[in-house]
Amino acid sequence: MLKMLAKFLKVLNSDAEPGQISLALCLAMIAGLTPLFSFHNLIVLLLVLVLRANLSAFILGWVVFSGLAYPMDHLFNGFGLALLQAEALRGLWTSLYKLSLFRLAHFNNSIVMGSLAFSLIAFIPFFFLANFIVKRYREHVLAWIQKSRIMQVFKASKLYTIYQNIPGWGGSGS
Amino acid sequence: MKKWLRWQGFGIFGVIIILISLFWFVFIDLIVANMIEKYGTEIVEAKVDLESADLSLFPMGLALKGLQVTNPDEPMTNAVQIDQMAMSLEAGHLLKRKVIIDDMTLEGLRFNTPRKTSGAVVLKKTRMKTVEDSEKKDSPFAFTLPNFDNLDAKEILENENLETLTLVKELETEIQATKDNWQVQLQGLPDEKKFQEYKTRLENLKGKSGGVMGILGAASDVQNLHKDVKKDLEALKNGRNLFEQKRAFLKNRLDQVTSAPARDFNRLKNKYTLSPQGLSNLSRLFFGPQIANYINKAITWYYRVKPYLEGGAEKGKEEAGAKKIRGRGVDVRFAEDEPVPDFLIRRIKAAVLIKAGDLQGTMENITPDQDITGLPLTFAFSGEKLKGVRALSINGILDHISPESSKDTINLMLTEYSVADLSLSKDSTLPITVKSGLADLKLNSVLASGNISATLVGFMKAVQFAGSDSQDKKMSFSGAVQDALAGVSRFSMQANAFGTLDNYDVKLTSDLDGVLKNAAAGIIKKQSKHFEKELNGAIQAKVNGPIDRLQNGLLDLGSIDKELTQRLNIGNDLLGGLKIF
């Protein structure tokens, strides 16, 4: 975990595209918040591998979002039920329900539907938010942190040694 | 574009998919076996074991070996054990998360087999309703066989609460309270002293003079005095009326108490001896407990199976938000062009192994969604020339297409079943065993919307009862019954069960009743008479003293009546004197 955190910090501090880090975090949000063994997560995995999303950011993000998913179950269940039982959408769901893919993906399940819909709705806002945060971090926080006393202590720690030894495999493709 | 794409990602994804597929091929059988054990155990609430599972893809099918389902009530016994199960699955439906099994074959299906290890599990949820709880209530056959030799009236009274004594205690308290209350009330009513004051006022008026004005004033005083005395007399009269009413009420209660010993006697006599109805229906004593036991077992299993016959209805409730399983969510159903249940076994062909041999049969339309298929579950099993049974057939229809108007029908036919050492009564005072015989049984049972209606007709021929060997018993009730049964070579009986699952009754008749009644009536009458005399004497001895005490207490209230009458007499005398004046 320490290694993973160090990798993420390295990516954050590197010249990797902020968009690649944000994309990885957004895809991690889908994989983490929705049930792991879901059909749509295969597509998420394919996107993570094919698009130049940062893998360290994806894995760390997936761990964090998976931790958040369990306490949010009741919210996803309620949201999913509201969507699946919405009168306006009944026709759409009824048509999709006849498709094997829809059933195989278990989209008629309240938690799958709730968590996936939530993740997809949050995808674009979260992408821009993460982008903004990474950029602001690099512009303002990084320089200040480098000079701070905490950073001086951190540089003397084991985590920093790990951090230093990691070859730079981030969004830059290096 | 190149900046955003990582082409080698396709290769990595392909490798991951191949690894997942390999894992699936290697471990799927173990995963299936574990899932069957896990979910089976959750459903049955007792351990489900499976030796192995084999999932094949072309054609799609599943074979299971060595399935054991523990009886939740007897953890060292398997309710069901199946040696081999083979089924064909519809792959197209599996993609839609529906398990549709066209054909299933069961080999070596056995019931109530012993287990090597306990199959008990720690229950995480409240157990389903069974009749164990209702068994604790009064059974329709709750009765103790009479044993006059051991009946001791005094001992019985030590352990029984008599209604008479309860009533005596209540009435004693009330009489005492009435007495105390009237002692207080008497103090508030006009007494001799008060009337003496009126007399003094009268004497004073008589001595008054002073012309016309004086005479007129005296007349007015006399009128006032007359009014005061009359008012007090009214208060006394009202008081006495109230007292008389209360005394009459208490007298009435005393009459009820004096008739209570007779009620106590009848209740205890009926409890410890045979009532005329019991005497004319002795067969109920023998067959009743066995039949009640079978019915209770059937009801217990019905409660266990029912949720799996009406699963679709339960799902509907979940959709309405009545129940949510954390982490699993709720599967919402939508209209389909050709609705198919989530789980369906169209046909099971089974060979059932029982002690007598093999039964062959089929079950059809096993699904928790009968409302979707529109077909009830049906089953039919039969066997001929079995060991000790000429023919056995059982068939039924479990119709839960509409759960509100469900109807389950089960019919059983047993021909020439060789009975050996069948215990009809295990009561130590009257052990009755059929040594040998041939039984024909026919059961027709219907459970419609929770109401039972079942008829069991039995006919036994070539019967030999185990006889009485004790000479002492010849003079007893049990001896008389056993002697009477020794001469019986054939008999029939009919049991009718009716009512609801929670509150049913069974009417049982047999041509044994007449035989038993004739044999036992004389002895029971003679022995009952002696016991009744003893019981009556013991009750009288116990209640006579308290009842006498009550009567004396009521007589004591006479002193209050006497006091009230005396005061009224004084007042009336005074009022008479005022009229003359």
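The values are calculated or read from the model by the stated rules, or taken from the named source; none is laboratory data. Everything numeric in this text was worked out from a predicted model, so none of it was measured. Here the Cβ positions follow ideal geometry from the backbone for every residue, glycine too, while neighbour counts run over all protein chains shown. Areas reflect the complete protein model, heavy atoms only, side chains present, ligands, DNA and RNA absent. Shrake-Rupley method; radii C 1.70, N 1.55, O 1.52, S 1.80 Å.
Quick one: with all protein chains in place, what share of the accessible area of the stretch B:12-125 is carbon or sulfur, to the nearest percent (1.4 Å probe)? Before the final figure, lay out the partial values.
Numbers: 4400 of 6600 Å².
Solvent-exposed carbon and sulfur of the stretch B:12-125 make up 67 percent of the total.
The residues of the stretch B:538-581 expose on average 53 square angstrom of accessible surface per residue, using a 1.4 Å probe on protein heavy atoms.
What do you get when you divide the Cα radius of gyration of chain B by 2.2 N^0.38 Å, with N the number of residues? Intermediate values should be presented prior to the final figure.
Details: Rg = 41.7 Å, N = 581, 2.2 N^0.38 = 24.7 Å.
Compared with the compact-globule rule of thumb, chain B sits at 1.69.
Stokes-Einstein D for the stretch B:12-125 at 4 °C, 1.567 mPa s, Kirkwood Rh over Cα pairs, in µm²/s? Result for D is 83 µm²/s. For chain B, the relative contact order comes to 14 percent (Cα pairs under 8 Å, sequence separation of at least 6).
Anything in chain B that counts as a DSSP H helix reaching 30 Å or more along its axis (C-alpha) with Kyte-Doolittle mean of at least -0.5? List them, would you?
Numbers: long enough: B:8-44 (50 Å, 1.61); B:163-188 (38 Å, -0.65); B:211-272 (92 Å, -0.76); B:282-309 (40 Å, -0.01); B:512-556 (59 Å, -0.37); B:558-580 (33 Å, -0.17).
Membrane-span-like by this criterion, though nothing is claimed about a membrane: B:8-44, B:282-309, B:512-556, B:558-580.
Partner shielding of A:103-112 amounts to 5, given as the average count of beta-carbon atoms from other chains within 10 Å of each residue beta-carbon. Using a probe of 1.4 Å, the accessible surface attributed to A:Phe39 totals some 80 Å² when neighbouring protein chains are kept in position. Accessible area per residue was computed with a 1.4 Å probe on protein heavy atoms; B:Phe334 scores about 10 Å². Across the stretch A:37-50, computed HN-Hα scalar couplings (Karplus, 6.51 cos²θ - 1.76 cosθ + 1.60, θ = phi - 60°) run 7, 10, 4, 5, 6, 5, 5, 4, 4, 4, 5, 4, 6, 7 Hz from first to last residue, x flagging Gly and Pro. In order along the stretch A:71-80, the Karplus-derived 3J(HN,Hα) couplings, from 6.51 cos²θ - 1.76 cosθ + 1.60 at θ = phi - 60°, round to x, 8, 3, 5, 5, 5, 4, x, 5, x Hz, and Gly and Pro are given as x.
Averaged over peptide B:331-342, the number of partner chain Cβ atoms lying within 10 Å of each residue's Cβ comes to 4. Averaged over the residues of peptide A:46-53, the number of Cβ atoms from other protein chains lying within 10 Å of each residue's Cβ is 6. In this view, the solvent-accessible surface of A:Tyr137, computed with a 1.4 Å probe and all protein chains in place, comes to about 40 Å².
With a 1.4 angstrom probe, the accessible area lost at the B-A interface totals about 3300 Å².
Remark: for residue pairs B:Lys154/B:Lys526; B:Lys297/B:Lys407; B:Lys154/B:Lys179; B:Lys116/B:Lys385, the C-alpha separation exceeds 29 Å in B:Lys154/B:Lys179; B:Lys116/B:Lys385. Candidate cross-link partners of B:Lys533 among the aspartates and glutamates, defined by an alpha-carbon separation under 13 Å and a same-chain spacing of 8 or more, comprise B:Asp152. The largest accessible area among A:Phe126, B:Phe531 belongs to the first residue in A:Phe126, B:Phe531, and the rest follow in falling order (1.4 Å probe, all chains).
Please report the equivalent ellipsoid semi-axes of the stretch B:332-436, computed as sqrt(5 x eigenvalue) of the Cα gyration tensor, largest first, in whole Å. Each step should come with its number before you reach the end.
Values: eigenvalues 316, 65, 20 Å².
Taking √(5λ) for each eigenvalue gives 40, 18, 10 Å, largest first.
Radius of gyration over Kirkwood radius for the stretch B:341-402, both on Cα atoms: the Rg/Rh ratio is 1.11.
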